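Novice: Could you have a look at this structure, given as structure tokens, before my questions?
The values are calculated or read from the model by the stated rules, or taken from the named source; none is laboratory data. None of the values given here were measured: they were computed from a predicted structure. Glycine also receives a Cβ, built like all others from the backbone with ideal geometry; neighbour counts cover every protein chain displayed. Surface accessibility is based on the protein's heavy atoms, side chains included, excluding ligands, DNA and RNA. Shrake-Rupley method; radii C 1.70, N 1.55, O 1.52, S 1.80 Å.
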Amino acid sequence: LGLAAVTLGARALRDLDVKEAALPVLRRLQVQSGETATVSELVGVSRVYLDQVPSSQEIKMTVEIGRPFPLHAGASSRAILAFAPSELRLQILGGPLEALTPKTIVDRSTLEDSLSEVREAGTAVSFGERQPGAASVASPLLGPDGNAFGSLSVCGPVDRFDKAVVERLLQLVGDAAHEVSSEIAGHAEGGRRL
């Protein structure tokens, strides 16, 4: 129990660091985009939402905090998977790729191509991959080693994510993720462990 308690304590501290660093940025992203802003974390071979700032619009997307989601489905997950350590990426690519919706990428070659595009762009976009009718733009949260430990996203109803909106969000979300990554790296350098 001793080691388990230490591990849980370290994880709780890291989660708190990520949530604290992300919250003001999520609030700003929500205002800038008008949509729900979220922060996710890599946990094992899954991704979980840690926090969200919901849209103030009547019709909006909200997420389930703490529930694990697969790393191949949706922008938040693919933003993490694209920058995950190669062993984890190969494990996910070599395993079953479950279709959560008809638009989920379940072909290994297509997923590899998509991850290459995300690595090149630094952002991921999805339209109905994890949840029907939902769209998302996400960018990874990167540690000093260049590996993703989480992601930031803006998500909402797919009919509000036209090309112009997505183009604007790519820059906003990418800049926001860089800001949070830098803030968390600063905490780590200040003596707090992630």
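Novice: Does LEU169 qualify as being part of a helix (DSSP H, G or I), at pLDDT 95 or above, farther than 17 Å from VAL63 by Cβ and open to solvent by less than 60 Å² (accessible area, probe 1.4 Å)?
Specialist: no
Novice: Scan region 101-133 for residues that are touching a Phe, Trp or Tyr at 6+ places or on another chain (Cβ under 8 Å) and either touching a residue at least 60 places away in the same chain (Cβ under 8 Å) or among the hydroxyl-bearing types (Ser, Thr, Tyr) (or both) and report the count.
Specialist: 1
Novice: Moving to a separate point now. Check whether at least one residue in region 73-93 is touching a His at 6+ places or on another chain (Cβ under 9 Å), more than 23 Å from VAL25 (Cα to Cα), surrounded by 19 or more Cβ atoms within 10 Å (Cβ to Cβ) and not polar (S, T, N, Q), and report yes or no.
Specialist: Among the residues of region 73-93, at least one is touching a His at 6+ places or on another chain (Cβ under 9 Å), more than 23 Å from VAL25 (Cα to Cα), surrounded by 19 or more Cβ atoms within 10 Å (Cβ to Cβ) and not polar (S, T, N, Q), which makes the answer yes.
Novice: Kindly provide the set of residues from region 95-105 that are of a type outside the set (Ser, Thr, Tyr), at pLDDT 95 or above and open to solvent by less than 70 Å² (accessible area, probe 1.4 Å), ordered by number.
Specialist: Of everything in region 95-105, those that are of a type outside the set (Ser, Thr, Tyr), at pLDDT 95 or above and open to solvent by less than 70 Å² (accessible area, probe 1.4 Å) turn out to be LEU97, ALA99, LEU100, ILE105.
Novice: I'd like the full set of residues that are out of contact with any Phe, Trp or Tyr (no Cβ under 9 Å at 6 or more places or on another chain) and surrounded by fewer than 24 Cβ atoms within 10 Å (Cβ to Cβ), limited to region 134-148.
Specialist: Here is the first cut: in region 134-148, the ones out of contact with any Phe, Trp or Tyr (no Cβ under 9 Å at 6 or more places or on another chain) are 138-139, 144-145.
Those that are out of contact with any Phe, Trp or Tyr (no Cβ under 9 Å at 6 or more places or on another chain) and surrounded by fewer than 24 Cβ atoms within 10 Å (Cβ to Cβ): PRO144, ASP145.
Novice: Being modelled with pLDDT under 85, open to solvent by less than 70 Å² (accessible area, probe 1.4 Å) and either of a type in the set (A, V, I, L, M) or assigned to a helix (DSSP H, G or I) (or both) is the filter here, so list the residues in region 176-194 that pass it.
Specialist: ALA185, GLY186, HIS187, ALA188
Novice: Is there a residue being crowded, with 16+ Cβ neighbours inside 10 Å, of a type in the set (A, V, I, L, M) and outside any strand (DSSP E or B) anywhere in region 112-124?
Specialist: yes
Novice: Keeping to region 58-90, report how many residues are more than 14 Å from ASN147 (Cβ to Cβ) and in contact (Cβ under 8 Å) with a residue 40 or more places away in the chain.
Specialist: Residues meeting the conditions: 11.
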